[in-house]
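A short worksheet on the structure shown next.
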Amino acid sequence: MSAALDVRSPHPTVLKDVPLRVDRDEVLRFQGYKKGVDVPDSTGLALFDEALALGASMIEPRVVYRAAGVTRQGPSVIEARGKALHIPEIGRLWGTLEMVGAGICTVGAAIEDRVRELWDQRELPLAVMLDSVGSAAVESLAEYANDLLCQAAIEGGLKVTNRISPGYAGWDTAEQAALFNLCPGEPIGVALNASCVMTPGKSISFLVGVGPDARVDHYFTQCRRCWMPDCAYRRAPAAATVRR
Ligand code: SF4
């Protein structure tokens, strides 16, 4: 799959048929459980199994990715394809970049449609658990895309940073539109409305930095949660809770 992903691609590249596995701990985290502290009872686990089986039959993982050359960089700004992205501290965090890569991931609309039906039928526990399965699935998909990019880049002598998304780490949600300008969601059926909300809802957009001097001082952490089994550049063994 990594051969299909060019981290410098100037054209939208679509990945489909991703072998996604939903992590139970991640679903329970969305349910408000604290790992190692809260343990679900048998009723909660049965509900999880039911929601997971239901969700697995509905997930349609898709990713679209496109890169753009960086034309200007400042302590808290990156400019690419004529748009300025204002991200606090990004110069210090990511170092000098050659390019940025924008990605959009979705697991499709079927899960949220079913969640809505379950709400209407007052099947609330299953509705809430299925919603968490959808959230965990798209989170896992975004991690997978970040890992694929990391590995593909290293093979080509480049580095890819951790991903960040509008609305997090001080990056204004309104710049979601600029991110969609870098990478359109249309090839995978993801739309952005005027309030910067994505449809389907179980979608994540992200930005990574790319370049030989991109700062990746978190490889240790990144490798611990990365599933790539045969990566020659792995800095740390994968932790037990690898997402896929
Ligand atoms: S194991 Fe580490 S270096 Fe290799 S692809 Fe994963 S995060 Fe990147």
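The values are calculated or read from the model by the stated rules, or taken from the named source; none is laboratory data. Here the structure is a predicted model, which is why all the values come from computation and not from measurement. All Cβ positions, even for glycine, are placed from backbone atoms using ideal geometry, and neighbour counts span all protein chains on display. What goes into the accessible areas is simple: the full protein's heavy atoms, side chains included, and nothing from ligands, DNA or RNA. Shrake-Rupley method; radii C 1.70, N 1.55, O 1.52, S 1.80 Å.
A few notes on this one:
- Residue in segment 39-59 that is over 24 Å from residue 157 (Cα atoms), crowded, with 19+ Cβ neighbours inside 10 Å and of a type outside the set (A, V, I, L, M, F, W, C) present: yes
- Selected residue [in contact (Cβ under 8 Å) with a residue 60 or more places away in the chain and of a type in the set (Ser, Thr, Tyr)] from 195, 165, 140: 140
- Any hit, segment 105-114, residues being open to solvent by less than 30 Å² (accessible area, probe 1.4 Å) and within 13 Å of residue 210 (Cα to Cα): no
- Scanning segment 133-150 for residues that are out of contact with any strand residue (DSSP E or B) (no Cβ under 9 Å at 6 or more places or on another chain) and open to solvent by 10 Å² or more (accessible area, probe 1.4 Å), we see that the one that is modelled with the lowest pLDDT is 143.
- Condition met for residue 71 (at negative phi and open to solvent by 40 Å² or more (accessible area, probe 1.4 Å)): yes
- Residues in segment 17-38 that are within 25 Å of residue 183 (Cβ to Cβ), surrounded by 11 or more Cβ atoms within 10 Å (Cβ to Cβ) and without any contact (Cβ under 8 Å) to a residue 60 or more places away in the chain: 0 in all.
- Filter result for the condition that a residue is within 25 Å of residue 8 (Cβ to Cβ) and more than 16 Å from the ligand (Cβ to nearest atom), over 158, 141, 192: 192
- Residue in segment 175-191 that is nearest to residue 222 (Cα to Cα), counting only those that are open to solvent by 50 Å² or more (accessible area, probe 1.4 Å) and without any contact (Cβ under 8 Å) to a residue 60 or more places away in the chain: 177
- Qualifying residue in segment 77-96 (condition: in a strand (DSSP E or B), out of contact with any His (no Cβ under 7 Å at 6 or more places or on another chain), more than 21 Å from residue 201 (Cα to Cα) and open to solvent by 80 Å² or more (accessible area, probe 1.4 Å)): yes
- Comparison of 213, 172 shows that the only residue that is touching a residue at least 24 places away in the same chain (Cβ under 8 Å), open to solvent by 20 Å² or more (accessible area, probe 1.4 Å), within 18 Å of the chain's Cα centre (by Cα) and farther than 21 Å from residue 18 by Cα is 172.
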